[in-house]
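Remarks on the structure that follows.
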Amino acid sequence: MASYRKRGNSWQYRIKYTNPITKEINEVSKGGYKTKKKAQSVAVIHEQRLATGQEVITKDELLSEYLRIWLTEYKKDNVRKNTYILHERNIEKHIIPYFQLINLKEVTALRYQKFINHLKAKGYSTRTIEIIHQTMYSAMQTAVKPLKKIGENPCEDVTLPRKTRRMADKIQYIDSDKISDFLFHARRDNYMYYMFFKTLIETGMRKGEAAALQRSDIDLNKGYITVNKTLDFQAKLGEDLFGLTKTYESNRKIKLTNTLTKELAKHLDKLNDNKLVFNDIYRHDLDLIFCREDGSILPKSSLYNAFKRILKQAQIEKLPIHSLRHTHAVLLLESGADMKFVQERLGHKSISITSDIYSHISPKIEKSSVDGYEKYTQSIYD
């Protein structure tokens, strides 16, 4: 049975209950209610949670302890390695340093909102804050159900920072009239990097998907590349280098242009020459399409440095490698491809994602659309 008392201008309730785990008599209280009636209505719900085991928590269970257990028991070996690393980084770098020695049951909606506001004040992007929030929300939801450690998720109705930039402002790509210069300097810089970057431009693959391509994934007779895995650049010696693609829809077949098909055929011949030269020390087990001369993987840092160097030589502003995927999409749209075709080629889950990202991002697409509209309306006017 709950008891009530007035403190200042607000009401508070207290509930004594037996912890089903420790068998100890515990007490929980909450205040800040404007009327006794409101405190009573909330207390009834709280008592029901306690009675049915929906709120079971040891008195001194630290948030930090719970989060680390959640990582080990619920995420490790159950999610992709990169996803696990992301959760771990969010917890160790952001969540625990902020909340420190706070108990799990002491994480309230207000305290969590202050944490989100703290991240915003520190200058983190809206997307970064969303990713950190996803980690905390998932962990606290597990604490609600199935663990029943707390009665409700304090992250449920948090107010996240608004996105102030349009999606189109975020998209970076190489303008079509600069692609020739980029590939020219890439070819002068290093043949393997040239083939890798050109394939990204021609297919729209993610760098991890292209880096994971093996000979069995390319059908030169039919002119297709099969995307069914991604390379884990962070894998240590002895670990599996290949992981799942980003989403189920990312598994796809990409039709090659005749030009790229011919270049890849010559490229495979070069790989065969390297296999003969390096013989026993060649990484035949990997059988990678894009690799070092001995068949080993192209390090992420080497790709990053090469891309940065080539952009500078071609007098193109600094861009991420992922911009080549966007470049491919823009080229498709500029050539007249419909949005559905672009969606399937890129492996997006839905056409709305593709449309939101790429609609009207290229001046050439915009001009072509307006020219087409003008031509049509002129025929009506005439």
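The values are calculated or read from the model by the stated rules, or taken from the named source; none is laboratory data. Since the structure is predicted, the reported quantities are computational estimates derived from the model, not experimental observations. Note that each Cβ is placed from the backbone with ideal geometry, even for glycine, and that neighbours are counted across all protein chains shown.
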Residues (in contact with a helix residue (DSSP H, G or I) (Cβ under 8 Å, 6 or more places away or on another chain) and free of Cβ contacts under 8 Å to residues at least 24 places away in the same chain) located in region 107-123 = Phe115, His118
Within region 239-258, how many residues are within 15 Å of the chain's Cα centre (by Cα) and in a helix (DSSP H, G or I)?
-> 3
Conditions (1) in a loop (DSSP other than H, G, I, E, B); (2) small (Gly, Ala, Ser); (3) at pLDDT 95 or above: number failed by Ala306 | (1)
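Rundown of residues vs (1) under 15 Å from Ala211 (Cα atoms); (2) in contact (Cβ under 8 Å) with a residue 40 or more places away in the chain, yes/no style:
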position: Thr247; (1), (2): no, yes
position: Thr261; (1), (2): no, yes
position: Lys275; (1), (2): no, no
position: Leu288; (1), (2): yes, yes
position: Lys300; (1), (2): yes, yes
position: Ile310; (1), (2): no, yes
position: Leu324; (1), (2): yes, yes
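Got a sec? Which of Ala143, Ala211, Ala121 is over 23 Å from the mean Cα position of the chain (by Cα) and of a type in the set (Gly, Ala, Ser)?
Criteria check complete, one pass: Ala143.
Out of curiosity, is Leu260 exposed (fewer than 10 other Cβ atoms within 10 Å of the Cβ) and modelled with pLDDT of 90 or more?
Working: exposed (fewer than 10 other Cβ atoms within 10 Å of the Cβ): no; modelled with pLDDT of 90 or more: yes.
No: the conditions fail for Leu260.
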Which residues, taken from region 109-154, are basic (Lys, Arg), part of a loop (DSSP other than H, G, I, E, B) and either surrounded by fewer than 20 Cβ atoms within 10 Å (Cβ to Cβ) or in contact with a Gly (Cβ under 9 Å, 6 or more places away or on another chain) (or both)?
-> Lys122, Lys145, Lys148
Cβ pairs under 7 Å, 6+ apart, first in region 169-187 and over 11 Å from Ile201 (Cβ atoms) and modelled with pLDDT under 90, second of a type outside the set (Val, Ile, Thr) and in a helix (DSSP H, G or I) = Ile171/His326; Gln172/Ser323; Gln172/His326
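Results for (1) modelled with pLDDT of 90 or more; (2) in a helix (DSSP H, G or I); (3) of a type outside the set (Asp, Glu); (4) under 22 Å from the mean Cα position of the chain (by Cα), shown as yes or no for each residue.
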| position | (1), (2), (3), (4) |
| --- | --- |
| Ile297 | yes, no, yes, no |
| His326 | yes, yes, yes, yes |
| Val330 | no, yes, yes, yes |
| Thr354 | no, yes, yes, yes |
For His284, work out the one condition from (1) surrounded by 15 or more Cβ atoms within 10 Å (Cβ to Cβ); (2) over 25 Å from the mean Cα position of the chain (by Cα) it doesn't fulfil.
-> (1)
Does Ser296 count as surrounded by 13 or more Cβ atoms within 10 Å (Cβ to Cβ) and free of Cβ contacts under 8 Å to residues at least 24 places away in the same chain?
-> yes
